Amino acid sequence: MTTVQPHETTGVAFTLNGEAFGADVEPRRTLSDVIREDAELTGTHLGCEHGVCGACTVLIDGQPARSCLMLAVQADGADVTTIEGLAAPDGSLHPVQQAMHDAHGFQCAFCSPGFMMSTIALLAENPSPTRDEIKEELSGNLCRCTGYETILNGVETAVRLMGADRGGAS
Amino acid sequence: MKNPPFVYHRPDSLEAALALLATHGDDAKVLAGGQSLLPTMALRLGPPEQLIDIGRVPGLDTIEVTDGAVTIGALVRHATAEGSADVADNAPLIAQAMPLVGHRAIRNRGTVVGSIAHADPAAEMPAVVLATGATMLASSQSGSREISAEEFFEGYLTTSLRADELLTGVRFPAWSPGSAGAVVEVSRRHGDYAMVGLACRIDVDGGVITDAALAFFGVGATPTRCGPGEEALIGQPPGPDAFAAAAAAVADDLDPTADVHASANYRRHVAGVLTRDGLSTAVEKMGALT
C-alpha cells in the first residue's frame, strides 16, 4: 500500500532503452514528462498531452502506448523503449528510421517518433501489412504537415528492408 | 495540460482498495487503464482529490468462462480481450467491438470494465452491455452486489455505482447458438468516437426471431435501446423485410441529440441505416439466417 500526498514524491524505477532508470517523481507527473525532463530524452514529443495526437507514443513491454496518458508511477517495473532506443550503439539507424529517411517520410518531423514507435510495434506483429492495414494501425498518429503518403511509403519501405534483413523476398 | 495535484493511493489488495473507497469515495476516482480518466484530468475537468490506482490489485486481470458466461475482470485491457480466444468464442459482441475502440495504443492500456464504469454514451462497450444483458459486479466494504444492464447507466458519464463501490468485473451471459449479433458504427475517422453506433443481437428459434436488442451509442446521454425497433423484429423471420421494418421503426422512434459533429436528423437517418446493416452483418457473420 502506497500513499503519496500532493507535491510529495515517490520512487519509480523502470527499464529505459535497455538501461535501469530511477527517479523520485510526483505521482501526478506523466511518463512523457519524466522521460523528457528527468531522463532528458527529448525525442518523445508532446503534441496534445491528452491522448489525441500520438506524438508521445512509446513502447511499454514492446506494445505502443501514449506516454502522456500514463502516470510515471504506472510504469514502475516496465520495459520502456523510446525513439532514442532504436539506433544501434554505433549510430546506424533502425530499419524503420532508415526507411522513413529513404522515403522522405519526414517533413517537420514532430510526429515522426510516435509514427516510428507505432510502426515498429505494427511490423513486429505483422511483418508484411497491406497499405490499408498500415493506415488502420497508424490511425492513432496525426501528422499536421499531412505528409501521410510519404509516411505510408516509409512503412512499406521498412517492410522491404526488414524482409531483406530476414533473408526473405522483398 | 499537466495533471493537477492529488493524493495518490496504490492499494495492493482488494480489501485495501475498498477501504480507501469507503473513506474517500466522494472525492476519489479509480485509476485502471487511465485512457479516459487521464485526459479529463489533463484538461482539469473535475479532477479528483484522491486517486486510487488499482493497477497492482491482484486477481482483477482475469477472463473467466463459466457455462458459457464470460466474466471480464476490472484490469483486463482492451487489447487482451481483443486477442482472447475465450472472448472470441463465447462473447462475439465484445470481440467485434474491440477493434472499434480507440486506437491500438489506447487499447493496449485502456480496460474493458473501465470503459463501462466511465459510461461514455458514445463508447462501444456500454452498448454491448445493454445488447447482451450483462451484469455489473460491484464490491464495497459492506458486501458485493450485482447490477443489471438496465439499472446501470443513469446519465451522461453517470452510473448507479455508489461512491464506495468498485466495479470488479462484468459478466456477459452465455451466447446461445441461435444468437446473431454485430457492432457497427459511423465515425469521422477510424478510432474516433462514433457519431452513431449500434450493438445488436437477435435470438432465432424455429426460423423466427424470438428476442432482439438494438442498443445505440452516440445518440444521447446514455446508451439507448430502441423498443419499437426490437418489437418490429420479434416473431419475424430474420431477413431483409424484417430488418427494413426495424430500420424504419428506429428512424421513427429515436430522438438523438445534435452537436457539432452531426444533426439529430442525420443521426436518426444513420441509426436506421446501421440497423439494417448491423442486422444483415449479424446473420452473415453468424450464419443464423435460416
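The values are calculated or read from the model by the stated rules, or taken from the named source; none is laboratory data. Nothing here was measured: the structure is a model prediction, and the numbers come from that model. For neighbour counting, all protein chains shown are included, and Cβ atoms are generated from backbone atoms with ideal geometry for every residue, glycine included.
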Residue ID - nearest to the other protein chains (Cβ to nearest Cβ), chosen from residues in the range A:74-93 that are without any contact (Cβ under 8 Å) to a residue 60 or more places away in the chain and either at positive phi or not aliphatic (A, V, I, L, M) (or both): A:Gln74
Only one of A:Gly163, A:Gly147, A:Gly167 is at pLDDT below 95 and touching a Pro at 6+ places or on another chain (Cβ under 8 Å), namely A:Gly163
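Report those helices (runs of 4 or more DSSP H) wholly inside the range A:94-170 carrying at least 2 residues which are within 13 Å of another protein chain (Cβ to nearest Cβ) and over 18 Å from the mean Cα position of the chain (by Cα).
A:131-137
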Looking only at helices (runs of 4 or more DSSP H) that fall completely inside the range B:1-117, which ones have 1 or more residues that are acidic (Asp, Glu)? B:14-24, B:78-82, B:85-90
Failed condition for B:Arg189, given (1) in a loop (DSSP other than H, G, I, E, B); (2) surrounded by 16 or more Cβ atoms within 10 Å (Cβ to Cβ); (3) without any contact (Cβ under 8 Å) to a residue 40 or more places away in the chain: (2)
Condition check for B:Ala42: out of contact with any Phe, Trp or Tyr (no Cβ under 6 Å at 6 or more places or on another chain), within 13 Å of another protein chain (Cβ to nearest Cβ) and under 19 Å from B:Ala163 (Cα atoms): no
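Please verify whether B:Arg162 is surrounded by fewer than 18 Cβ atoms within 10 Å (Cβ to Cβ) and touching a residue at least 24 places away in the same chain (Cβ under 8 Å), treating the condition exactly as stated.
yes
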Residue ID - farthest from the other protein chains (Cβ to nearest Cβ), chosen from residues in the range B:74-118 that are buried (at least 24 other Cβ atoms within 10 Å of the Cβ) and among the charged types (D, E, K, R): B:Arg107
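Let's see how each residue does on (1) assigned to a loop (DSSP other than H, G, I, E, B); (2) modelled with pLDDT of 95 or more; (3) within 21 Å of B:Ala212 (Cα to Cα):
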| site | (1), (2), (3) |
| --- | --- |
| B:Glu146 | no, yes, no |
| B:Glu150 | no, yes, yes |
| B:Leu161 | yes, yes, no |
| B:Thr168 | no, yes, no |
| B:Ala194 | yes, no, no |
